[in-house]
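Below is one structure, written out as structure tokens; comments come after it.
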Amino acid sequence: MRSKLIAVAIAASLGVTSFTVAAAPVQHKNHKKAQATAQSAEVNAEVELLKAQLAQLQAKVESLEQRTDAQSDINVSTSQAVQKVTQATETRDKTLATLEKVVNNTSLSGKMYIDFSNIDQKNSDTGKTNATGTGFDVKRFYLGVDHKFNDIWSANLTTDFSYVSNDGATNLFVKKAYVQGKFSQALVLRLGSADMPWIPFAENYYGFRYVENTLIDRLHYGNSADWGAHLGGDIGADKSLNYAVSVVNGNGYKNPSRSKGVDIEGRVGYKPMDNMIVAVGFYDGNRGQETQTVSSLHTAQREDLMVAYASSAFRLGAEYFYAKDWNNVLTPARDSSDGYSLWGSVKVADGINLFARYDHAKLSRDLDPRAKDNYYNAGVSYDVTKGFQLALVYKHEKSDKSVAAPIPLHVQNVKTDEVGIFGQVAF
């Protein structure tokens with residue numbers, strides 16, 4: 001029994017051993033398989049992770065490409081906008097440069113003569129005239145524009161406006177319109193309507209044009225400006241010698257009509273010392289009155305002389321003229337005239353000057369020896385500010401001439417007394 005049990009135990013033991021031996025390879029194989037499966041899963045997981053990362057990378061690349069394309073469009077738009085702005089800026093800069101050049105080379109000037117006065121005018125035959133009364137006058141208002149093309153060539157346009165209250169007339173003229181070539185201080189050429197050689201020159205030394213015209217201008221024996229060719233300049237380093245000559249139509253700046261011939265006016269001045277001038281002048285022509293259908297009978301001539309001194313402290317001067325047939329170009333009769341003017345002023349305080357003037361002229365030495373004109377003024381001026389002067393003035397004028405009506409031949413005179421405030425505004 002016991003032997004059977006041992007046999008059974010041995011048999012069982014052998015069976016277990018056999019099972020163990022038999023099961024061992026199987027377990028070994030299963031282990032490797034499991035291990036391979038695990039490794040495969042890990043690899044698959046890594047592959048999936050890589051795929052996911054690759055997908056994310058592709059998404060980023062696509063997003064970056066989209067952003068790059070968008071940025072490229074923005075860059076193109078920005079470049080176009082910058083180009084437009086640059087072009088606009090260049091155009092604006094050119095426009096501003098052109099405008100700046102025009103502004104820098106163009107200047108505006110003006111001068112106005114005004115007065116508020118009372119006039120008492122009497123005709124010896126008829127009594128008081130319509131000029132009698134109180135009123136405000138803008139006798140002259142010059143507005144000028146100068147433009148410089150280069151160092152030689154320039155142009156000027158100056159208008160002349162006037163209004164006189166006693167006749168209610170308002171007039172506007174072009175006084176000066178010329179092109180100028182300044183080749184040197186001794187050679188200045190003007191073509192068009194420009195200053196004549198004598199009257200504006202005398203005004204500079206007189207200094208009180210806003211109070212009254214100079215002698216030749218007041219008596220209408222010359223023009224301050226006319227249409228034609230004008231040449232002048234200063235000679236010498238110290239400019240001690242000056243000259244001016246004009247070849248003109250002869251009718252004055254208010255009447256640019258053509259005439260058959262041309263008139264000529266000239267002047268030569270010498271400065272023996274600072275602020276002093278000795279000048280002589282002449283005029284010769286038909287005053288624009290001779291045309292293709294109207295012949296002149298005489299030539300108008302005028303001779304001028306002036307000696308003057310002008311400084312900031314005082315002025316002193318004398319002017320003389322002699323004219324032949326000035327008002328007889330178209331008449332058979334011949335005549336002559338002459339006259340002189342004396343003036344002076346003195347500074348008595350800062351901005352305050354006392355001044356006086358006396359004129360005498362024989363208006364018709366041959367045809368009417370009794371025809372003459374006497375004029376004087378006196379006053380005090382005050383410089384309100386730079387370019388603005390006011391003067392309290394008294395004026396007196398007496399003009400005589402022979403007339404035959406309403407009674408037999410006799411001397412008729414017109415007396416004019418005026419007192420008021422006269423002013424000048426210049427800029």
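Pick from 143, 157: which is among the aliphatic types (A, V, I, L, M) and in contact with a Ser or Thr (Cβ under 6 Å, 6 or more places away or on another chain)? First the steps, then the outcome.
Working: 157 fails: in contact with a Ser or Thr (Cβ under 6 Å, 6 or more places away or on another chain).
The unique qualifying residue is 143.
State all residues of the stretch 237-263 that are farther than 30 Å from residue 360 by Cβ, of a type in the set (Gly, Ala, Ser) and modelled with pLDDT of 95 or more; if no residue qualifies, say none.
Filtering the stretch 237-263 down to residues farther than 30 Å from residue 360 by Cβ leaves 237-241, 247, 249, 256-262.
Okay, now just the ones that are also of a type in the set (Gly, Ala, Ser), so 237, 240, 257, 259, 261.
Matches in the stretch 237-263: 240 only.
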Checklist (1) farther than 18 Å from residue 232 by Cβ; (2) surrounded by 15 or more Cβ atoms within 10 Å (Cβ to Cβ); (3) of a type in the set (S, T, N, Q) applied to residue 118, failing item: (2)
Residue check for residue 402: out of contact with any helix residue (DSSP H, G or I) (no Cβ under 9 Å at 6 or more places or on another chain), in contact (Cβ under 8 Å) with a residue 60 or more places away in the chain and not aliphatic (A, V, I, L, M): no
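Conditions (1) touching a helix residue (DSSP H, G or I) at 6+ places or on another chain (Cβ under 6 Å); (2) hydrophobic (A, V, I, L, M, F, W, C); (3) part of a strand (DSSP E or B), marked per residue:
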{"site": "146", "(1), (2), (3)": "no, no, yes"}
{"site": "154", "(1), (2), (3)": "no, no, yes"}
{"site": "162", "(1), (2), (3)": "no, no, yes"}
{"site": "175", "(1), (2), (3)": "no, no, yes"}
{"site": "197", "(1), (2), (3)": "no, no, no"}
{"site": "202", "(1), (2), (3)": "no, yes, no"}
{"site": "233", "(1), (2), (3)": "no, no, yes"}
The stretch 336-380, residues that are touching a residue at least 60 places away in the same chain (Cβ under 8 Å) and either outside the structural domain of residue 417 (by TED's automatic domain parsing) or over 27 Å from residue 411 (Cα atoms) (or both): 343, 345, 355, 379
Cross-chain or 6+ apart pairs with Cβ under 8 Å, the stretch 284-308 first and within 14 Å of residue 199 (Cα to Cα), then assigned to a loop (DSSP other than H, G, I, E, B) and modelled with pLDDT of 95 or more: 302/221; 302/222; 302/326; 304/198
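Whether any residue in the stretch 314-329 is of a type in the set (A, V, I, L, M) and within 19 Å of residue 226 (Cβ to Cβ) is what I want to check.
So the first thing to find is which residues in the stretch 314-329 are of a type in the set (A, V, I, L, M), and the list is 316, 318, 323, 329.
Filter once more, keeping what is within 19 Å of residue 226 (Cβ to Cβ): 323, 329.
For the stretch 314-329, residues of a type in the set (A, V, I, L, M) and within 19 Å of residue 226 (Cβ to Cβ): present.
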Cβ pairs under 6 Å, 6+ apart, first in the stretch 185-208 and under 26 Å from residue 343 (Cα atoms), second charged (D, E, K, R) and assigned to a helix (DSSP H, G or I): 199/217
Test set (1) of a type in the set (A, V, I, L, M, F, W, C); (2) assigned to a strand (DSSP E or B); (3) surrounded by 15 or more Cβ atoms within 10 Å (Cβ to Cβ) - residue 216 fails condition number: (2)
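Mind listing just one residue for me: the one in the stretch 299-335 that is among the small types (Gly, Ala, Ser) and either buried (at least 20 other Cβ atoms within 10 Å of the Cβ) or part of a loop (DSSP other than H, G, I, E, B) (or both) and, of those, farthest from the chain's Cα centre (by Cα)?
Among those that are among the small types (Gly, Ala, Ser) and either buried (at least 20 other Cβ atoms within 10 Å of the Cβ) or part of a loop (DSSP other than H, G, I, E, B) (or both), it is 333.
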Condition met for residue 256 (in the same structural domain as residue 308 (by TED's automatic domain parsing), part of a loop (DSSP other than H, G, I, E, B), surrounded by fewer than 21 Cβ atoms within 10 Å (Cβ to Cβ) and within 31 Å of the chain's Cα centre (by Cα)): yes
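The values are calculated or read from the model by the stated rules, or taken from the named source; none is laboratory data. In this text, all values refer to a predicted model and were calculated from it rather than measured experimentally. Cβ sites come from the backbone with ideal geometry, for glycine too, and all protein chains shown count toward neighbours.
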